[in-house]
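The structure appears right after this line, and notes come after that.
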Amino acid sequence: MTELSPTALRGFAEQCRHFGPVELLPQSDSLMAVVNCPAAVLKPLAEFLVHSLHYRFGSLVVEEHPTQWKLIYLFYRHEGPSLVQLCIYLKADHPQVDSISIKIHAADWHERQAEDLFGLVFTGHPRLGDFVLHEEWPEGVNPMRTGFSATRPMQEKVVDPAWRPARILETPGAFLMPIGPVYADYYESAQFFLETVGEDVLRLIPRFFFKYRGVEKLAQGRPWQRVLLMAERFSGTSAIAHATALCGSLEHIYQVQPPPRALSLRLILAEMERMRHHFAVLSDICHASGMSVPSAQMDILEEQALRLSGQCAGHRYLYGWVTPGGLNRDMSATTLDTIARETRRMAEASASIHRSLQFTSSFLDRFEGVGAISMAVARELALVGPIARASGVSTDLRIMLPYGGYAQNGGPPAMVEPLEREGDGYARIRVLFAEIQQSAKLIDAAVAALPTGPVRVETAGVLRQGAFGWAEAPNGAAFHYLRLDAQGCVQRYQIATPSFANWHGFHIAAENFAFQDFPIMMASFGLSIAESDR
Amino acid sequence: MFGWFVKGATSRVKTTRYPARDETALGVTPGRPVETTCDNELLAVDLAATCPTDAIKPASFKTTVDISRCVHCMACTRGENTMRWQMDYRWARWVGNDAGRAARHRPFQKSLHIRVVDTGSCDAVISEIKQLAKPYYNMHRLGFFITPTPRHADVLMVTGPVTSPMRLALLKTYAAMPEPKWVIAVGNCAISGCVFAPSFIANGSVADVIPVDVHVPGCPPPPLAILHGLLLLTGRETEMQPIDQPLGGPP
């Protein structure tokens, strides 16, 4: 991230004005440009941002106000202004806007989601309809609307027996093989329709949101304390990341800065979480390719990481630490030493496993060249996290939009994004192993230079209404948007999760491969369905 | 390949001794708040008010805990007046009927096949169930196995608050299982919905959809608690550990 001068910001606004009467709002700063634009300008302007200025699509937030709709399109990139919010307003009785996903494919699922949950119409979108809410949900009922009760059980409709999933393949002899929602050993619930004429998967249609718990709806009208519990628990394996992102938006709203010690401790906790997550993904990868010894070796590291969290932080998945303004508790010096020592040991053990895997041809054969995602596709779909890095796309929010402990003292010295180019399963494995090493280094550096002082500052009155917070979760970039009312209750909460972004690209990797590669592809993506479904 | 053999053979046995002995390693459980005596009634009310999920209730001079609502946020352990915290993991409870209890014949005790159905849980619960089949817990040594098909399953392990798209899938899976069959609800969201209930999209409890025999509370329940649930189901363990008998036992 580079600091942006006011002139450069004005220059950016000037560029945007070529497309129409665009207004740069005063809350813009060196990091974020907030732009009001007429609905007609949205499509060309968004296209300009993505295709000419190399922004990536981050999130689409919909707010329902009594007289109008407000839509916020979030874009981000390395150079300043690193974040751009395009705000458009629609009349309450005419919720219709041009779809941008024809030109910006990454917005596709976000628009489908908004159509399903709010009843907005995106003109020109090729495929709207059942997405979050499946066929048993009555048409025309939009749960995120203000009038819809979050707590009253919804009466479902009886599904028409003639209902069939949409098909793409029309070749003679083509058939559809459904997988899920209850399948394999203990995968999370989701459904995959594999279309084929025989050996190879030609088209893959994923269906998610079997696990949709409506976190964003349940948050409405609740105090943020309650919402924080949900943010930690909707995807328990990334609890610290999502709690940090939510607290980031609360800290923008309350305009407080957590003390340096709290930021460093958050960094340590986040990197512990990342290590555990990557151990688990690598174990699944080894398991999927039938490598039982390496899989068991990674399992041992995973359980050791869980026990380390349990011993040092009191909870195996690190719940209950992050709070707006800092942390709920402090850590003693001995605990921190244990964490640094143990994470270093685990990183060494994982490096040794990686070295051995590099010489195991039966393992490499299953991953080299399998499930490749090109750099162009990764960019177009705005993939994030280790999957994007394996395709050579740099998307690390710890570097792009440094937050908390990653922004202190010009960023930690150990931060070099591990980038690969092939984009195949093996490249993803290399990125995961490299990130484990990097996390251990970050923890080491943070423990060695831990500031002293308090770990929490008090939050006072609401100074801003809505704000974004973000964090680099183990799976990639997470953006949380929160809007509070004057009493501190949540009016609007929206989560854009890395798994949601990356599942969008999953079919690209799995298509044109044999059936037996499907579990390998699932494992090498290592994504969470709970995180995507919310 | 020989390298892997050496690596495996030199890793030593990691598996816990539970249930033969208590597991005393650090970090195997987050622990739970237990009944706490307070100096006066007001303090009990204050202490109960720290709980964001109403798991703690005041009862004159003490507070009582409903562990199936506790989310381990540890809010009740901060401040001057705190809950007592007990580090244990034998949390499972038998909630089924006597017919289910009577059906636990000997053949099931050391060969039990389990189908896991995720009805909207977070990935942490799934991760903890996965640990059971991994070296540290290795439930296969006790005769518990995960099976991919409900036709071969004796036990249905359900996680999550039963979202409406998963309700039909859950009912069909349950119907596909042969008799006798049992159901374990794993995690607080499967027992009470916890932070995700009441809700427009989730039932909030597995028991509303299919009969449940064993509850394993926790958010998420540690692997040892799930193992306790399986042992309780097969009649090889007793119910929830009483208060004031924390982890440890004779070495």
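Selection of region B:131-146 for residues being open to solvent by less than 40 Å² (accessible area, probe 1.4 Å) and within 19 Å of the chain's Cα centre (by Cα) yields B:Q131, B:L132, B:A133, B:K134, B:Y136, B:Y137, B:M139, B:L142, B:G143, B:F144, B:I146. Note on region A:488-534: residues that are among the small types (G, A, S), in a helix (DSSP H, G or I) and within 14 Å of another protein chain (Cβ to nearest Cβ) amount to 4.
Residues that are in a strand (DSSP E or B) and in contact with a helix residue (DSSP H, G or I) (Cβ under 8 Å, 6 or more places away or on another chain) do not occur anywhere in region B:129-138.
Tally up the residues in region A:380-404 that are hydrophobic (A, V, I, L, M, F, W, C) and either touching a Cys at 6+ places or on another chain (Cβ under 6 Å) or over 20 Å from A:A33 (Cβ atoms) (or both), please. Spell out the reasoning first.
Just the residues of region A:380-404 that are hydrophobic (A, V, I, L, M, F, W, C), to begin with: A:381-384, A:387-388, A:390, A:393, A:397, A:399-401.
Of the ones still in play, those that are also either touching a Cys at 6+ places or on another chain (Cβ under 6 Å) or over 20 Å from A:A33 (Cβ atoms) (or both) are A:381, A:383-384, A:387-388, A:390, A:393.
Count: 7.
Within the bounds of region B:56-76, is there any residue that is within 12 Å of chain A (Cβ to nearest Cβ), open to solvent by 70 Å² or more (accessible area, probe 1.4 Å), under 22 Å from A:M331 (Cβ atoms) and without any contact (Cβ under 8 Å) to a residue 40 or more places away in the chain? Scanning region B:56-76 turns up no residue that is within 12 Å of chain A (Cβ to nearest Cβ), open to solvent by 70 Å² or more (accessible area, probe 1.4 Å), under 22 Å from A:M331 (Cβ atoms) and without any contact (Cβ under 8 Å) to a residue 40 or more places away in the chain.
In this structure, is A:D444 in contact with a helix residue (DSSP H, G or I) (Cβ under 8 Å, 6 or more places away or on another chain), of a type outside the set (S, T, Y) and under 30 Å from A:T196 (Cα atoms)? So A:D444 does not fit the description; no.
Could you check how many residues of region B:39-54 are in contact with a strand residue (DSSP E or B) (Cβ under 6 Å, 6 or more places away or on another chain) and either assigned to a loop (DSSP other than H, G, I, E, B) or surrounded by fewer than 19 Cβ atoms within 10 Å (Cβ to Cβ) (or both)? Total satisfying the criteria: 1. Where helices (runs of 4 or more DSSP H) sit wholly within region A:308-380, those with at least 3 residues that are within 30 Å of A:R56 (Cβ to Cβ) and of a type in the set (A, V, I, L, M) occupy A:375-380. Look at (1) open to solvent by 10 Å² or more (accessible area, probe 1.4 Å); (2) more than 9 Å from chain B (Cβ to nearest Cβ) and you find that A:N328 fails only one, number (2).
Summed over region A:160-192, residues that are among the aliphatic types (A, V, I, L, M) and at the interface with another protein chain (Cβ under 9 Å from one of its Cβ atoms) total 2. Close contacts from region B:160-186, counting a first residue that is at the interface with chain A (Cβ under 7 Å from one of its Cβ atoms) and a second that is surrounded by fewer than 22 Cβ atoms within 10 Å (Cβ to Cβ) and part of a helix (DSSP H, G or I), with Cβ to Cβ under 7 Å and a gap of 6+ residues or different chains, come to B:T173/B:P150. Of all residues in region A:89-126, count the ones that are of a type in the set (D, E, K, R), assigned to a loop (DSSP other than H, G, I, E, B) and within 24 Å of A:K217 (Cβ to Cβ). Counting residues in region A:89-126 that are of a type in the set (D, E, K, R), assigned to a loop (DSSP other than H, G, I, E, B) and within 24 Å of A:K217 (Cβ to Cβ) gives 1. As a summary of the residue check, A:T395 satisfies the conditions (1) modelled with pLDDT under 90; (2) within 20 Å of the chain's Cα centre (by Cα); (3) surrounded by fewer than 18 Cβ atoms within 10 Å (Cβ to Cβ) except for the one numbered (3).
Here's the yes/no breakdown for (1) within 12 Å of chain B (Cβ to nearest Cβ); (2) buried (at least 24 other Cβ atoms within 10 Å of the Cβ):
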site: A:K211; (1), (2): yes, yes
site: A:V215; (1), (2): yes, no
site: A:G221; (1), (2): no, no
site: A:F234; (1), (2): yes, yes
site: A:S238; (1), (2): yes, yes
site: A:A243; (1), (2): yes, yes
site: A:C247; (1), (2): no, yes
site: A:V256; (1), (2): no, no
site: A:P259; (1), (2): no, no
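Of the strands (runs of 3 or more DSSP E) that lie entirely inside region A:129-216, those containing 3 or more residues that are under 27 Å from the mean Cα position of the chain (by Cα) span A:191-196, A:200-207.
Checking the conditions here, which among B:V183, B:V116 is part of a strand (DSSP E or B), under 21 Å from A:L527 (Cα atoms) and under 15 Å from the mean Cα position of the chain (by Cα)? First the steps, then the outcome.
Numbers: B:V183 fails: under 21 Å from A:L527 (Cα atoms).
After ruling out the rest, the residue left standing is B:V116.
If only one of B:R12, B:R101 is open to solvent by 50 Å² or more (accessible area, probe 1.4 Å), assigned to a loop (DSSP other than H, G, I, E, B) and either in the same structural domain as B:N138 (by TED's automatic domain parsing) or at positive phi (or both), which one is it? Reasoning before the result, please.
On the way: B:R101 fails: assigned to a loop (DSSP other than H, G, I, E, B).
Sole residue among the options that is open to solvent by 50 Å² or more (accessible area, probe 1.4 Å), assigned to a loop (DSSP other than H, G, I, E, B) and either in the same structural domain as B:N138 (by TED's automatic domain parsing) or at positive phi (or both): B:R12.
Counting only residues that are surrounded by 20 or more Cβ atoms within 10 Å (Cβ to Cβ) and within 14 Å of chain B (Cβ to nearest Cβ), which one in region A:193-209 is farthest from A:L527 (Cα to Cα)? Residue satisfying both the conditions and the ranking: A:F209. Within region B:187-203, restricting attention to residues that are under 16 Å from B:V125 (Cα atoms) and facing chain A (nearest Cβ under 9 Å), the residue that is surrounded by the fewest Cβ atoms within 10 Å (Cβ to Cβ) is B:C194. Scanning region A:282-294 for residues that are under 17 Å from B:L132 (Cα atoms) and either open to solvent by less than 10 Å² (accessible area, probe 1.4 Å) or facing another protein chain (nearest Cβ under 9 Å) (or both) gives A:S283, A:D284, A:S292, A:V293. Of the candidates B:T29, B:T24, the single residue that is open to solvent by 50 Å² or more (accessible area, probe 1.4 Å) and in contact (Cβ under 8 Å) with a residue 40 or more places away in the chain is B:T24.
All conditions in (1) open to solvent by 10 Å² or more (accessible area, probe 1.4 Å); (2) in contact (Cβ under 8 Å) with a residue 12 or more places away in the chain; (3) more than 14 Å from B:K134 (Cα to Cα); (4) within 11 Å of chain B (Cβ to nearest Cβ) hold for A:Q297, with the sole exception of (3).
Only one of these is over 23 Å from A:T323 (Cβ atoms), in contact with a Phe, Trp or Tyr (Cβ under 7 Å, 6 or more places away or on another chain) and surrounded by 17 or more Cβ atoms within 10 Å (Cβ to Cβ): A:Y426, A:Y403. Name it. First the steps, then the outcome.
Details: A:Y403 fails: over 23 Å from A:T323 (Cβ atoms).
Of the residues listed, the single one that is over 23 Å from A:T323 (Cβ atoms), in contact with a Phe, Trp or Tyr (Cβ under 7 Å, 6 or more places away or on another chain) and surrounded by 17 or more Cβ atoms within 10 Å (Cβ to Cβ) is A:Y426.
Can you find a residue in region A:59-66 that is surrounded by fewer than 16 Cβ atoms within 10 Å (Cβ to Cβ) and in the same structural domain as A:R17 (by TED's automatic domain parsing)? The answer is yes; a qualifying residue exists. So is A:H94 surrounded by fewer than 20 Cβ atoms within 10 Å (Cβ to Cβ), assigned by TED's automatic domain parsing to the domain that holds A:F12 and farther than 30 Å from A:A150 by Cα or not? Here the answer is no, as A:H94 does not meet what is asked.
The values are calculated or read from the model by the stated rules, or taken from the named source; none is laboratory data. Values in this document were obtained by computation on a predicted structure and should not be read as measured data. With ideal geometry, Cβ positions are generated from the backbone for all residues, glycine too; neighbour counts draw on all protein chains shown. Calculation scope for accessible area: heavy atoms of the full protein, side chains included, ligands and nucleic acids excluded. Shrake-Rupley method; radii C 1.70, N 1.55, O 1.52, S 1.80 Å.
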